[in-house]
1. Do we find a residue being open to solvent by 20 Å² or more (accessible area, probe 1.4 Å), touching a helix residue (DSSP H, G or I) at 6+ places or on another chain (Cβ under 8 Å) and more than 16 Å from ligand 1 (Cβ to nearest atom) anywhere in region A:42-51?
2. Out of region A:118-128, which residues are under 25 Å from B:Pro365 (Cα atoms) and more than 16 Å from ligand 1 (Cβ to nearest atom)?
3. Please tell me if B:Glu519 is open to solvent by less than 10 Å² (accessible area, probe 1.4 Å), in a helix (DSSP H, G or I), on the phi < 0 side of the Ramachandran plot and charged (D, E, K, R).
4. Quick one: which of B:Ala466, B:Ala470 is away from ligand 2 (no atom under 16 Å from the Cβ) and open to solvent by less than 10 Å² (accessible area, probe 1.4 Å)?
5. Condition first: touching a helix residue (DSSP H, G or I) at 6+ places or on another chain (Cβ under 6 Å) and farther than 15 Å from B:Gly264 by Cβ. Now tell me which residues in region A:10-22 satisfy that.
6. Mind checking which residues of region A:61-117 are buried (at least 21 other Cβ atoms within 10 Å of the Cβ) and within 14 Å of ligand 1 (Cβ to nearest atom)?
7. Restricting the first residue to region B:413-425 and requiring it to be under 17 Å from B:Arg452 (Cα atoms) and within 16 Å of ligand 1 (Cβ to nearest atom), which pairs with a second residue that is of a type in the set (Val, Ile, Thr) and at pLDDT below 95 meet a Cβ separation below 7 Å and a spacing of at least six or different chains?
8. Which residue, of A:Thr64, A:Thr34, A:Thr53, A:Thr5, is at negative phi and within 11 Å of chain B (Cβ to nearest Cβ)?
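The values are calculated or read from the model by the stated rules, or taken from the named source; none is laboratory data. Since this is a predicted model, take the numbers as computed values, not measurements. Note that we place each Cβ from the backbone using ideal geometry, even for glycine, and neighbour counts take in every protein chain shown. For the accessible areas, the whole protein counts, side chains as well, though only heavy atoms, and no ligand, DNA or RNA atoms are used. Shrake-Rupley method; radii C 1.70, N 1.55, O 1.52, S 1.80 Å.
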Amino acid sequence: MISFTLNDKPIKVDADPKMPLLWALRDLLDMTGTKYGCGIAQCGACTVHMDGTPIRSCVMPLATIAGKNITTIEGLPSDASHPIQQAWLEHNVPQCGYCQSGQIMSAVALLESNPNPDDAAIDDAMQGNICRCGTYPRIKAAIKDAAKNVSTTNVDFSLAKNAGEKA
Amino acid sequence: MIELFQQAADNASIKQTKSVSRRDFLKLTGMTTSGFVLGSMLSVSLPAWAHGNASHVGNNTLNLFVTIETNGRVNIVCHRSEMGQGIRTSIPQIVADELCVAWKDVHVVQGLANEAYGSQNTDGSRSIRNFYAKMREMGATARTILEQAAAEQWAVPIADVYADDSFVINKNTKQKISFAALAEPASKIKPPAPDSLIYKSKKDFKYIGKPIQIIDLPDMVTGNAIFGQDVTLEGMLYASIERNPVVGSKVESFDKAAAMKTGGVVDVYKMPEQPTPVVFNPANGVAVIATNTWAASQGRKALNIKWGDSPHKDHDSAEYLAQLNQRIVGKGKTIRQGGDAYAAMQQSQKKIVATYTVPYLVHAPMEPPAATAVFKDGKCEVWACTQTPQNTQQNVAAALGIAKENVTVNVTLLGGAFGRKSKADFSIEAALLAKYTGKPVKVIWSREDDIRQGYYHSISSQYFEAGLTADNMVNAWIQRTAFPSISWTFDGATDEPSDGELSLGFGDMPFNVDNLSCETHKAPAHIRIGWVRSVCNIQHAFAQGSFVDELAHAARVPTQKMWHQLLGDDRLVNPKDQGFEYGNYGETLERFPIDTKRLKNVLDDVVTKSGADKPTANGEAWGISAHRSFVSYVAVATKVRVKDNKVTVLEMHSSIDAGTVVNPDRVRSQQEGSMIFGLSLAMMGEITVKEGAVEQSNYNDYQVLRMSQSPLITTYIVESDAIPGGVGEPGTPPVAPSLTNAIFHACGKRIRDLPVNKHFTV
Ligand code: FES
Ligand code: FES
């Protein structure tokens, strides 16, 4: 039995400790917002936050997340009010949408650590997230817009504090 | 191949849609249970857009596009698959505009497989092209019925009322009555004859031509969008299948006991042997069925399958391409001819010769294929990220030995597709396993499965030869192509390009040269060949667009000028005049001619707006190319920097003339996506085959473009009232030649063998 915190709620999973978090989320907890794209930390579709840091859940065995704080896309406001989600809506970013959970989780983490990223910082943070549909230009533009909104309105990015109530 | 596929695809005959109650699918496919069907009595004969060979669809009823609930919700069916092109928004946009419904009242319902809709094969860039007029008719029919219902209530002539914003309004009294209130009486009214309908004029459009936000967007940013991989049913099992590495090889033995020992594994099942031709039949293999995906994939590792022999076991893509390159320099089978190219070539002052190659490519959509099925009481229900629900229905029925009427196919969102999800193989697998286990089963393809068990874009060689006169005019032109045909996938026999494939940018070459010979060579297939976004236009546009640039260089004129010179005066090209049976994407040349004026126009547009004709910094240069495909016209200008043997793409501009545009924002996003898809394949796309098996396995060795490699992208849409053309695919073909032309102009190195990363760091 592995215990951790998922979107601010304590949770226990009875599974093979070698099972990657991704499959526990998707198959055991019915939380399919986090996507499978490669299984080898190459595409970023499975990105979630562990104690606020973006990780690839497809290569993160359950054993290593015991006691940790995990935030998934479902932990973002379900009304899409997060500045990153808002910017995504404004730029009509997604095409097929499949990579977008991972893109959004990477982008949220980026702005938390760097509220004003330049192009190089965005490229760097988003390099691990593939979008086969080619939404990169819009993702970049949306991140910049979200950053602007954050710096002018001082939005609190710390998900861990309020994601639970909103979700 | 689209035609071939079409043949295989149809015959679907479920007559009813049904209410879908499962939790996850309510939003996605939830057909109303209390709504009233408008237009259900409407009998229309499918016009030519239902494809020449689809006459079996015949005089069917187009129904169930619009239903209105008494609470005012207006359900509009989208019968085409959403794979990122925005069709779940743009189809309803068209219907809603003519219907005069407020957009906030529109609820989109995903159509089940149902032949009443006409073709649902979401491929060939034809959803809007084929259904624009029909969707307007559906909207106008529904609106007229509502107006009539209101007119009857007020006892006034229908001419005295009009619909707007979900209400019908009395012109004289200004009285209003809502669609909601009219729903019930309207459902009893006999639909008007299609030719009596009054359509909006362009200036009155509220939604058509507007950049409406995609309807699935809120779900996509909150993790609530349901894709094929996400379908979850009560008591569902998960399956992972080990399939043959070489086409045709069979399972000789495997270790069932070892796989069963893996925790969570509940069963192991040898898949039925794949017949030939392969078509969409699941590959030979062994399925491991478990309580979760991880357990299934672990159990699979213990299978230790021994594979039998295959006639394709010696296939080596490098050797094969070398053979094609040898063959291609000799005279081939002529498919289109004008004048005497060989005699004229002798007369020419200068001869330019080049061979261009493109490797095997694979789709690699972000979401690998996945399908879920339940089999109960002789009936099967499938949920799949499929581009072709009707074909899936037919194939599943055949595999299970039941009637098509007993198969229901639900279409989820598709996490990218690019042609891969036109194939029913993964859905058939799920259906077979559901029948075998008696439980709901989800078949999950891994990324490795997706890369290794693809329907690949064909490996190809193109030979181009042109003769120039003393004043640098082209007077002789020979072009040849050779690649394994998609037809082989369907017949197991074809060993040369088909007319359908040659219609994709080869036999329809638009240049005005007096002496022309278009030829093909044989090329037997050894792996499954399929269609990948823009299909054979990829290699044909690469060769043609590169060759024009090479001719321009030889003639010392700007590439834009060479395009103009070759295209000649404004004219309509008819390849049939020179003996080629041109397919024109299923359209007549009368409706969709090959119009050189439109091609020149997009080229000039992109050059002018991008500044591709302006000087650049040292080590930087522009490259341009243009191509007509899917009856639309696209030109691309790409700016690169070449430094220290590294190619950096700085900017890409594209101009598209796709006729009437329904959602300009989605046209832009498709152009952006096409630029990146094209760049990805040109820079780094390559599948290689050794001993019959694909060597790549995942995104680590089948690289695709990432954000840092993605340039600034600008899209120009030509304003046009012409009939809508394709959008999803025509952006891709001109990308590769614009890139390699730019590289040539930046550093003098001509790349004729893709991908670019064989020569440069990218
Ligand atoms: S699925 Fe985890 S990085 Fe691709
Ligand atoms: S939106 Fe389709 S993969 Fe990114």
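1. The answer is no, given that none of the residues of region A:42-51 is open to solvent by 20 Å² or more (accessible area, probe 1.4 Å), touching a helix residue (DSSP H, G or I) at 6+ places or on another chain (Cβ under 8 Å) and more than 16 Å from ligand 1 (Cβ to nearest atom).
2. Step one: of region A:118-128, the residues under 25 Å from B:Pro365 (Cα atoms) are A:122-128.
A:Ile122, A:Asp123, A:Asp124, listed by residue number.
3. Numbers: open to solvent by less than 10 Å² (accessible area, probe 1.4 Å): yes; in a helix (DSSP H, G or I): no; on the phi < 0 side of the Ramachandran plot: yes; charged (D, E, K, R): yes.
No, not satisfied.
4. On the way: B:Ala470 fails: open to solvent by less than 10 Å² (accessible area, probe 1.4 Å).
Checking each option against the conditions leaves just B:Ala466.
5. Quick first cut of region A:10-22, residues touching a helix residue (DSSP H, G or I) at 6+ places or on another chain (Cβ under 6 Å) only: A:13, A:15, A:17, A:19-22.
Passing the criteria: A:Leu21, A:Leu22.
6. A:Thr72, A:Ile73, A:Tyr98, A:Cys99, A:Gln100, A:Ser101, A:Gly102, A:Gln103, A:Met105, A:Ser106
7. Going by the 7 Å Cβ cut-off, there are no qualifying pairs.
8. Values: A:Thr64 fails: within 11 Å of chain B (Cβ to nearest Cβ); A:Thr53 fails: within 11 Å of chain B (Cβ to nearest Cβ); A:Thr5 fails: within 11 Å of chain B (Cβ to nearest Cβ).
Just a single option satisfies the conditions, and that option is A:Thr34.
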